[in-house]
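Notes for the one structure printed next.
The values are calculated or read from the model by the stated rules, or taken from the named source; none is laboratory data. Bear in mind that the values here come from a model prediction, so they are computed numbers and not experimental data. Cβ coordinates were reconstructed from backbone atoms using ideal geometry, including for glycine residues, and neighbour counts include every protein chain displayed. Quick note on the areas: whole protein, heavy atoms, side chains included, nothing else; ligands and nucleic acids left out. Shrake-Rupley method; radii C 1.70, N 1.55, O 1.52, S 1.80 Å.
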Amino acid sequence: MEKQSEVQEVQEVKQPTQNEIIDKAIKNLREKKSKVYFYCPPMNTPSGGIGVILRAAKNLSEDGFDVTIVYEPQQDQRASYEASSKAKKQIDIFNKFNPTWVDFDISSLEFKPLGDKDIMFNVIGEDGKNETTKCIPLNVNPEDFLIIPEGFPNVMKKTMQVSCKRIVFAQSWFYVLNAMQPGEKWQHFGITDVISASDAITEYLVSIMPGLKIKDFKQGINREYFKVPEKVSDKLPMVAFSGGRGEESRAKTYNIIKTFYSFYPHLKWIRFQELAGMDREQFSDMLASCAFYLYTDDIAGFGTAPLEAMACGTHTVGWAAFGGKEYMNEENGFWCNNGDIFVAAEILGIAIDKWLNGDMDKEDIQSKYEETLSKYTTEGEKENMLNLLNQYTDERIKELESLKQ
């Protein structure tokens, strides 16, 4: 009995107190031994939003933070059906999250599927069998950070009981409320910290969820890809455009093009080039070769395409979307009211006529473009993200200190 009592006493002594747990968490924060988890939808097709998340993760990793990309694996229905039919039993095969489309090296980043079992991917290994991996549960500590995109309130709800600091990374205003019930707010899920990718998003969040603690984040335009052609003759009488989000948006874009041809029959020889199915280098090369870019993203949270066009010396004509309000002005583009098809077509014709008549001084206009672009550099983006995490680290230390008894 005495020995059992002694063992019990030793075990009780070994249990850390609340203050000891807090001190350990603070020590890990100060020594950069905390972990930063980015929740990411596992899309293997080009996505600007995912690209921003991965670049942020890469920048933090390179600065010494322990970063992991976590995602919920999506089942490959076709591969699962074929494997199940062949084996005469149920076999689940999942898509491997492997965003090879990004234009930067992500080989140093760790990608982990969330779950509690081993799964098979739709990737065949060297042994001729489906690649397998072990899913991980989301085990976090008070010193850790979990960064969640704005459109995933389900993840916010699931993680309400975790001990780490959760932060929303808001790159769109449009998707904030779409997946939530009327009246729900992020505060209801225990989240108040937000990283906002534009002034428009910040303005929107302040209006619908007062009380959030919002920090600003500015994306950068990669000038290694997006740059002005060396010769004026490299600019072709072409208008680049993107199809837009969904069939309705695509239809509106094509309506502008057809309306333009109807308004300006003398410009029927002007070509339109859709920027689709291209990698970043092909996209930037094609954008740089066109004299104009038609911008029709009416729900953009920020909108990097007009900035990329400016960097290529390509003149933008299009809608002044809410998301781009912080940089769009009368000196860096031909803007019209968001969603106005007829005025967009009219302004496009006016702009092209001015360009053909030599009324647009390239150097003077480009200087205005560069003035706008000076706020959106890749170096600034990296420094911005590092500063944000350092600020969150300092705030978390103070928060934990206040919990000590």
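In region 384-405, the residues that are of a type in the set (S, T, Y) reach residues that are open to solvent by 80 Å² or more (accessible area, probe 1.4 Å) with C-beta atoms within less than 9 angstrom, at least six apart or across chains, in these pairs: T393/R30. Give region 312-345 a look and list any residue that's open to solvent by less than 30 Å² (accessible area, probe 1.4 Å), farther than 22 Å from K227 by Cβ and either part of a loop (DSSP other than H, G, I, E, B) or among the charged types (D, E, K, R) (or both), or say none. Correct list: A321 only. Restricting the search to helices (runs of 4 or more DSSP H) fully inside region 196-295 and requiring at least 1 residues that are within 20 Å of N338 (Cβ to Cβ) and not polar (S, T, N, Q) gives 199-208, 246-263. The condition (being touching a helix residue (DSSP H, G or I) at 6+ places or on another chain (Cβ under 9 Å), among the aliphatic types (A, V, I, L, M) and either at pLDDT below 95 or open to solvent by 10 Å² or more (accessible area, probe 1.4 Å) (or both)) is satisfied by just one residue among A170, A197, A179: A179. Looking only at residues in region 289-301 that are hydrophobic (A, V, I, L, M, F, W, C) and open to solvent by less than 10 Å² (accessible area, probe 1.4 Å), which one is modelled with the lowest pLDDT? In this case the residue turns out to be A300. Pairing each residue of region 52-69 that is touching a residue at least 24 places away in the same chain (Cβ under 8 Å) with any residue that is assigned to a helix (DSSP H, G or I) and of a type in the set (S, T, N, Q), provided the two are 6+ apart or on different chains, yields C-beta distances under 8 Å for V67/S61. Scanning region 100-128 for residues being in contact with a Leu (Cβ under 9 Å, 6 or more places away or on another chain), part of a loop (DSSP other than H, G, I, E, B) and either at pLDDT 90 or above or open to solvent by 50 Å² or more (accessible area, probe 1.4 Å) (or both) gives a total of 2.
Results for (1) out of contact with any helix residue (DSSP H, G or I) (no Cβ under 8 Å at 6 or more places or on another chain); (2) under 23 Å from I347 (Cα atoms); (3) among the aliphatic types (A, V, I, L, M), shown as yes or no for each residue.
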position: I208; (1), (2), (3): yes, no, yes
position: K218; (1), (2), (3): no, no, no
position: N222; (1), (2), (3): no, no, no
position: P229; (1), (2), (3): no, no, no
position: L236; (1), (2), (3): no, yes, yes
position: A240; (1), (2), (3): no, yes, yes
position: E248; (1), (2), (3): yes, yes, no
position: A251; (1), (2), (3): yes, yes, yes
position: K258; (1), (2), (3): yes, yes, no
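Total residues in region 265-282 satisfying the condition of being in contact (Cβ under 8 Å) with a residue 12 or more places away in the chain and open to solvent by 10 Å² or more (accessible area, probe 1.4 Å): the figure is 10. Quick check on region 357-369. Is at least one of its residues under 18 Å from Y254 (Cα atoms), in a helix (DSSP H, G or I) and touching a residue at least 24 places away in the same chain (Cβ under 8 Å)? Checking region 357-369: not a single residue is under 18 Å from Y254 (Cα atoms), in a helix (DSSP H, G or I) and touching a residue at least 24 places away in the same chain (Cβ under 8 Å).
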